[in-house]
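Before any comments, here is the structure.
The values are calculated or read from the model by the stated rules, or taken from the named source; none is laboratory data. These numbers come from a predicted model, not from an experiment. Here the Cβ is made from the backbone with ideal geometry for all residues, glycine too, and neighbour counts use every protein chain on show.
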């Protein structure tokens, strides 16, 4: 009898421990830092070794290889070997394995703070070495990495070789900036230098900022606060003048791409080289962003050869990808465009003639992954299976026949071998934390490499569902994500917070782990909130018509769609409709402020981060695409401005802003505060003195605690 009692006692202890374990609560640090650290599902990351079936992973102190044919795993480099090679050539050794990138199937490239090296992975020897200077940035190595690396320093451009530093273009003022990204990184622009395939020519942006007014950002950390001036071209004002130079490393001379209309404020986007390094292809976009020309230029003279084709739209075109030539084919290239309403791949020849539309349908190509070595297929990712998913496909270039490679529901990230025989695929879904696998593409058979455990097994978090509602137009399906409170009781009434972004280039709801939600939303569910997100019209990956409904009237249709989310909350029966809150950042901050001021009878509490308040304060490139200029669209700017809406504020609004935000300048929120004061409207305001547009690091934990406390005090 004692033994049975003891066993029962032990069982009760184990059961209580299990129950306790499954009821762990997230801390704020868990919710912010944990999402990308200890509570992030285990994952594999790496790359295919060129011209091989070896998948290379970089781990602590080692580089490993796994062969997709044989399954053989081995270590191909360790830190001790790398340091010995550095010591052999009298170079400083390293404390940790650097980030490795492959040049070819036996050479790699790595970089430290002061140097860069090529390294032979077979002989374990250092090849070329490069020395940098303090302030060097925007490193852009030529493909072979044996000869040249372009770098910028302040406003100037240099080429670093193993034994020399070449001055390409020198500027002592930010009136003129060489070799850096332009147009505020819009239109797919991510860098400012472009090596030709033969590595002897370097194309680079020249940014004449002299007509762009200086804008002050204040550094309060100094004994006497100092002003840092940036160039910030606001909608309707003078913009940058962009041109392109081509530097010849052999002659050490620059020629300039012909510009017959030097005074126009246009965009030179998606710079691409022809395979033979003879021609440069530029997508030239007018400032109105509704007319694009794909131009071919002679790289030796800079002269315009011809315009291959043009693209126009009554609202806007948004070229975001450079043309890509079919490997080993100087005559044909692929081009991505949404001219039929969805982003697809088109095959052209160099005369500008369309040969075939390779993908077609009411779905978006989201990423072109590359070609096989026979140039028979193009590999890409798209939303064909579902707007919530990223699946991988290949299309036959000659026949335009599409084959699906990944099959499991979810959001996939895939890397293809050089010959198109294998894929490394990593994916997650709302049901799967993470799976990594090799896929034999011909047989469509998988070898599972990793099945991650659920890192939230011990946590008591709210149930999440993804479904659809109709948009404000009564026709369009919108996806929403709903997270119920933990320990949900259908007989209780709960406060609800709508988390919103709502603008272009963002999709918050996906068939991925946590449904694409931030961990903070689950943290809030543990604290008794219903958390709702709706991807309204205007958001990403649903086609051009779905997005450009916002044109000239940012916020109007988006708010209509968010109100459909409010109707959903009301229909649930367990939401206290007197306690509805809303939170968002950037465009989401604009939406948050718009909702609480336009619909004070619905929204009682709002926290708006880095909000656009009036589009006339926003920059040209993004702002004029969606709103045109203030002179062209005065009614649109007037109707979307939130300054007149300050007097309509009735609920509790907290605005948070980074004091040195260079994206949505603080003039936006301060202007709104001024209007609130003028109208004797109470409002709460908090500034992060050294934060830019996104509050990061330790400050972010403080930020989200601030947001949470505000809802706890005002809404709950």
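Do you know which of the residues in region 528-550 that are part of a loop (DSSP other than H, G, I, E, B) and in contact with a strand residue (DSSP E or B) (Cβ under 7 Å, 6 or more places away or on another chain) is surrounded by the most Cβ atoms within 10 Å (Cβ to Cβ)? Before the answer, list the steps.
Filtering region 528-550 for residues part of a loop (DSSP other than H, G, I, E, B) gives 528-529, 535-543, 549-550.
Cutting the leftovers down to in contact with a strand residue (DSSP E or B) (Cβ under 7 Å, 6 or more places away or on another chain) gives us 528-529, 535-536, 541.
Numbers: 528: 16, 529: 27, 535: 26, 536: 30, 541: 22.
My answer is 536.
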(message) Among the residues in region 444-459, are any outside the structural domain of residue 559 (by TED's automatic domain parsing) and at positive phi?
(response) yes
(request) Could you please find all residues in region 96-125 being more than 21 Å from residue 47 (Cα to Cα) and either within 31 Å of the chain's Cα centre (by Cα) or crowded, with 16+ Cβ neighbours inside 10 Å (or both)? (result) 113, 114, 115
(request) Please report, ordered by residue number, the strands (runs of 3 or more DSSP E) entirely within region 123-166 with at least 1 residues that are farther than 15 Å from residue 179 by Cα. (result) 125-131
(request) Taking the options 38, 42, 58, name whichever one is more than 27 Å from residue 522 (Cβ to Cβ), outside any helix (DSSP H, G or I) and at pLDDT 50 or above. (result) 58
(message) Going residue by residue through region 210-233, is there one that turns out to be surrounded by fewer than 20 Cβ atoms within 10 Å (Cβ to Cβ) and over 30 Å from residue 664 (Cβ atoms)?
(response) no
(request) Considering only region 259-287, state which residues are within 23 Å of residue 167 (Cα to Cα) and either under 25 Å from the mean Cα position of the chain (by Cα) or surrounded by fewer than 16 Cβ atoms within 10 Å (Cβ to Cβ) (or both). (result) 271, 273
(message) Quick check on my filter: what residues within region 401-424 are closer than 29 Å to residue 356 by Cα and under 21 Å from the mean Cα position of the chain (by Cα)?
(response) 411, 412, 413, 414, 415
(request) For residue 160, work out the one condition from (1) under 22 Å from residue 207 (Cβ atoms); (2) more than 29 Å from the chain's Cα centre (by Cα); (3) surrounded by fewer than 12 Cβ atoms within 10 Å (Cβ to Cβ) it doesn't fulfil. (result) (3)
(message) Suppose we filter 149, 242 for residues that are crowded, with 19+ Cβ neighbours inside 10 Å, within 27 Å of residue 337 (Cβ to Cβ) and outside the structural domain of residue 662 (by TED's automatic domain parsing); which single one remains?
(response) 242
(message) Condition (residue is in a helix (DSSP H, G or I), modelled with pLDDT under 95 and within 25 Å of the chain's Cα centre (by Cα)) applied to region 5-13: is it met by at least one residue?
(response) no
